[in-house]
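Reviewing the structure listed below.
The values are calculated or read from the model by the stated rules, or taken from the named source; none is laboratory data. Quick caveat: nothing in here was measured; it's all calculated off a predicted structure. Cβ sites come from the backbone with ideal geometry, for glycine too, and all protein chains shown count toward neighbours.
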Amino acid sequence: MERTFLMVKPDGVQRGLIGEVITRFERRGFKMVASRFERLPDARVMEHYAEHVQKPFFPGLKAYITSGPCFMMVWEGKDIVKISRDMIGATNPAGAAPGTIRGDFALEIGMNVIHGSDSVETANREIAIHFKPEELVSYTRIDEQYLYE
Ligand code: IDP
């Protein structure tokens, strides 16, 4: 089953949106398989955002993402990478559709509430950056027989 890495960023945590985010993914039928609440160490920020380290917005991004705790999660389910990106909405909330997390809760491109992996390869890379294999919990959700045909 496909997995993705999701992270409620410091603005989402401070604004009390952890529960809202979890509820949306739970109701869609996805299954949380790991979570941790923590302030990200600098080294892990550099690794996670390696593709952005040279960009002009990176110092601001690093200051924002380390400004408070994040809620890190691994979720599992059919086509979760694509579906979760659709649920999260466009990077710039000005272009994020209403009904998406960013379209409902964010205004700025930097502080956009949540991170979600953008491909299966990225998901595998990000899960490995933030979680040890033994932190991922395997179990069956009781409603899976009505979610999957
Ligand atoms: P994504 O979060 O939708 O996958 P990415 O392009 O991977 O978007 O960017 C990672 C994060 O970096 C964004 O979510 C946002 O917080 C920040 N970011 C991206 N582009 C900009 C920018 O132009 N200015 C400020 N922050 C940005």
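Within region 107-125, the set of residues being outside any loop (DSSP other than H, G, I, E, B) and among the charged types (D, E, K, R) comprises 121, 125. Within region 47-57, the set of residues being out of contact with any helix residue (DSSP H, G or I) (no Cβ under 6 Å at 6 or more places or on another chain) and surrounded by 14 or more Cβ atoms within 10 Å (Cβ to Cβ) comprises just one member, 49. Regarding residue 123, is this residue touching a residue at least 40 places away in the same chain (Cβ under 8 Å), over 23 Å from residue 63 (Cα atoms) and among the hydrophobic types (A, V, I, L, M, F, W, C)? Judged against the criteria, residue 123 is a match.
For residue 60, the requirement of being buried (at least 18 other Cβ atoms within 10 Å of the Cβ), in a helix (DSSP H, G or I) and either at pLDDT 95 or above or of a type in the set (D, E, K, R) (or both) is not met.
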